[in-house]
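To keep things clear, I will list the structure first and then write my remarks on it.
We did not get these values from a lab; they are worked out from the coordinates using the rules stated. Quick caveat: nothing in here was measured; it's all calculated off a predicted structure. Methodologically, a virtual Cβ is constructed for each residue, glycine included, from the backbone with ideal geometry; neighbour enumeration extends over all protein chains shown.
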Amino acid sequence: MKRLLILIIIALGIALAGPVLAQPAPNAGGMEPGGVPAPGMNRSRMRSATSGTVMLIRAYNPKTVTTVKGAVQSLRTMPFNSQVPGAMLAAVLKTEQGEITVYLAPAEYLSQLNISLKAGDEVEVTGSKVTLGKQPPSIIVKDLKVGDKSAALRNERGVPIWMAGQPGSGSSK
């Protein structure tokens with residue numbers, strides 16, 4: 001039953017992501033200037049876990065890829081406080097440049113890769129630095145390193161590997 005639910009969520013995510021990927025990206029995060037949702041991105045849709053993932057796909061920009069290292073200060077899900085299966089895990093990192101929010105992957109996907117995060121963990125992330133709405137800059141993570149484990153979370157275009165049906169590396173180095 002759990003596998004069936006996961007397959008349904010993945011299929012829904014792919015069905016929603018396909019048309020989005022075929023369109024030119026709007027302003028970061030599916031937001032128009034002034035914090036108004038772009039066409040097709042109403043507020044209730046943006047609150048769902050799948051739509052949050054689509055929003056991050058649209059916002060991902062390979063031209064802004066950067067790498068940062070820092071300590072996990074806190075973890076939360078997107079949409080925040082959501083118990084929806086597939087909800088995106090986000091972390092606030094304390095770096096030399098200050099605090100930055102990084103958008104990772106669903107907790108279930110990280111668990112499949114044998115990666116667990118907790119406050120205090122030192123991590124290195126590589127991904128697209130973006131501004132979502134009126135929020136401070138954040139990073140949509142493509143590659144994650146935690147201790148001796150590393151995993152690819154998104155491909156070069158920012159499409160989540162867990163949605164694209166590709167296995168993550170979850171490798172030890």
Residues in the range 129-160, backbone N under 16 Å from the label point at Lys118 (7 Å along the Cα-to-beta-carbon vector): list them, ranges by number please. 146-148
Radius 13 Å from Cβ of Val72, net charge of other residues (Lys, Arg +1; Asp, Glu -1): +1
Filtered hits (aspartates and glutamates, Cα-Cα < 17 Å from Lys118, offset >= 8 within chain) -> Glu99, Glu108, Asp148
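When Met55, Met88 are ordered from fewest to most other Cβ atoms inside 10 Å of their Cβ, what list results? Spell out each step's value before the answer.
Details: Met55 27, Met88 24.
Taking fewest neighbouring Cβ atoms as first place, the list is Met88, Met55.
Counting only other residues whose beta carbon sits under 14 Å from that of Gly158, what net charge do I get with K and R as +1, D and E as -1? Intermediate values should be presented prior to the final figure.
On the way: positive: Arg58, Lys63, Lys129, Lys142, Arg154, Arg157; negative: Asp143, Glu156.
Taking every other residue near Gly158 into account, the sum is +4.
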With Gly127 itself left out, Lys, Arg at +1 and Asp, Glu at -1 over residues whose Cβ is under 10 Å from its Cβ give +2
For Leu75, Leu113, which order do you get if you count the other beta carbons within 10 Å of each Cβ and list the fewest first? Leu75, Leu113
